[in-house]
1. What percentage of the solvent-accessible surface of segment 109-171, computed with a 1.4 Å probe over protein heavy atoms, is contributed by carbon and sulfur atoms?
2. According to the square roots a ≥ b ≥ c of the eigenvalues of the Cα gyration tensor, what is the shape class of segment 17-171, taking rounded for a/c under 1.5, prolate for a/b larger than b/c otherwise, and oblate for the remainder?
3. If I model a spin label as a point 7 Å beyond the Cα along the Cα-Cβ vector, how far apart are those points for ASN35 and ALA109 in nm?
4. What whole-number value in Å² describes the accessible area per residue of the chain for a 1.4 Å probe?
5. Using the Karplus curve 6.51 cos²θ - 1.76 cosθ + 1.60 with θ = phi - 60°, what ³J(HN,Hα) values do you get for each residue of segment 111-118, in whole Hz, with x for Gly and Pro?
6. Quick one: which residues, 5 or more positions from ASP137 or on another chain, have an amide H under 5 Å from its amide H? H modelled 1.01 Å from N in the peptide plane, none for Pro or chain starts.
7. Could you give P(r) for segment 48-132, binned at 10 Å from zero, as whole percent values over all Cα-Cα pairs?
8. Contour minus end-to-end for LYS165 and ARG22, with contour as 0.36 nm per residue of separation and end-to-end as the Cα-Cα distance?
Amino acid sequence: MSAPVTPERVVDTNVAIVANGRDAWPVECELACINLLQDVVAHGGLTLDALGLIVAEYARHLNFSGQPGVGDAFFRWVQNNQYNDDHCTRVEITPDGEGSFLEFPTDAALSRFDPADRTFVATAIAHGKAEIVVGTDSDWWQHRDALAAAGVPIRFLSERYFREKYPADPR
């Protein structure tokens, strides 16, 4: 019998921020983020960009010491394992010189997508099979149809959170 395949995931920064529990997120969201990060630490499957932009984004929001929160511990694990091929995959992405990436979809519906999150999209596309995991960042929710049309798989850890927060959404 073969070993289970570890999914490849690009983890948006907000997952670690929510997992830290410093802000007033719904408990359901916080627990979902904690569980995801613990799964990545236990089994690997993290996809990062070879330029180090995702790690730099984590560094802007998380504690290098790995404490006091679960998100900080995840960041410490990333620092220690980002070059360990058993835990992380690094892919090449190409800055376009205009604040985005050649890998980022050219769909006009994504023209207002958060520039800080384009690295995650470019990384997932460059990988080809990695899903983007999102905690509570509304920009992903608002652009989910255009991202799906571009072939970018997104997993919302608490879809109920978004459906309750944005009830006018026709879905």
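The values are calculated or read from the model by the stated rules, or taken from the named source; none is laboratory data. All figures in this text were calculated on a predicted structure; none of them were measured in a lab. All Cβ positions, even for glycine, are placed from backbone atoms using ideal geometry, and neighbour counts span all protein chains on display. Ligands, DNA and RNA are excluded from the accessible area calculation, which covers all protein heavy atoms including side chains. Shrake-Rupley method; radii C 1.70, N 1.55, O 1.52, S 1.80 Å.
1. For segment 109-171, the apolar C and S fraction of the accessible surface comes to 48 percent.
2. In terms of gyration-tensor shape, oblate.
3. Between ASN35 and ALA109, the simple spin-label model gives 2.9 nm.
4. 51 Å²
5. Karplus-based 3J(HN,Hα) across segment 111-118 equals 5, 9, 5, 3, x, 5, 8, 5 Hz.
6. For ASP137, whose amide H was placed from the backbone, there are no distant partners under 5 Å.
7. Bin by bin from 0 Å, the calculated values are 17, 45, 29, 8, 0.
8. 49.5 nm
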